[in-house]
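Data first, discussion second: the structure below is written as structure tokens.
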Amino acid sequence: MSCATALSARSVVAEILDPEMPMVTLDDLGIIRDVEEIAADGSVIVTITPTYSGCPAMGTIRDDITTALRRNGFGSVQIRTSLHPAWSTDWITDDGRRKLADAGYSPPGPTPRRDAGPIPLTLTARPRIVACPQCGSEDTRVVSEFGATLCKAQYRCLECDEPFDHVKEI
Ligand SMILES: [Zn+2]
């Protein structure tokens, strides 16, 4: 570290919270692929992988990254998106999963393995076993495949009767 007082662009970006699930950072979600500081002019290039396609939060995320870096004295900010490999809920860190669970969300399980070849199109949601974040019971029922946002499904626990959101596997 040549400059101990200034925050690195990487650490500024790492602190930014997800606009839809503000209990986790963008870093917890695993969407920050690269943060490059250009020493010559103080500009920063941030590479992100969008989460759920069409998630309206992506515009907010870009703005939040730009604002946070500017506020910390960085110059121009360029945001690049990297679509390959596609983001998956498997990229959410253990820390992120713990924070989601602490906030009463049921974190996503492992994504179903996709083998090479055609992906079967199903109109019904894939059945999944979701444990209640309150009491741990797996006796839960899906109420709606779309909760507060497209990224979440709404569940109710049949054991303790608590409703909760499950972050969907993709
Ligand atoms: Zn329960």
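Structure notes:
- Residue within the range 60-83 that is part of a loop (DSSP other than H, G, I, E, B), in contact with a Gly (Cβ under 8 Å, 6 or more places away or on another chain) and within 30 Å of Pro163 (Cα to Cα) present: no
- Among the residues of the range 34-59, those identified as at pLDDT 90 or above and either outside any loop (DSSP other than H, G, I, E, B) or surrounded by fewer than 18 Cβ atoms within 10 Å (Cβ to Cβ) (or both) are Asp34, Val35, Glu36, Glu37, Ile38, Ser43, Val44, Ile45, Val46, Thr47, Ile48.
- Positions within the range 153-167 being more than 13 Å from the ligand (Cβ to nearest atom) and not in a strand (DSSP E or B), in sequence order: none
- Cβ-Cβ contacts under 6 Å between residues 6 or more apart (or on different chains), taken from a first residue in the range 150-164 that is in contact (Cβ under 8 Å) with a residue 12 or more places away in the chain to a second residue that is part of a loop (DSSP other than H, G, I, E, B) and acidic (Asp, Glu), are listed as Ala153/Glu145; Leu158/Asp139; Glu159/Asp139.
- Identity of the residue in the range 125-139, modelled with pLDDT of 85 or more and charged (D, E, K, R), that ends up farthest from the ligand (Cβ to nearest atom): Glu138
The values are calculated or read from the model by the stated rules, or taken from the named source; none is laboratory data. The shown structure was predicted, so the numbers you read here are calculated from the model rather than taken from an experiment. Methodologically, a virtual Cβ is constructed for each residue, glycine included, from the backbone with ideal geometry; neighbour enumeration extends over all protein chains shown.
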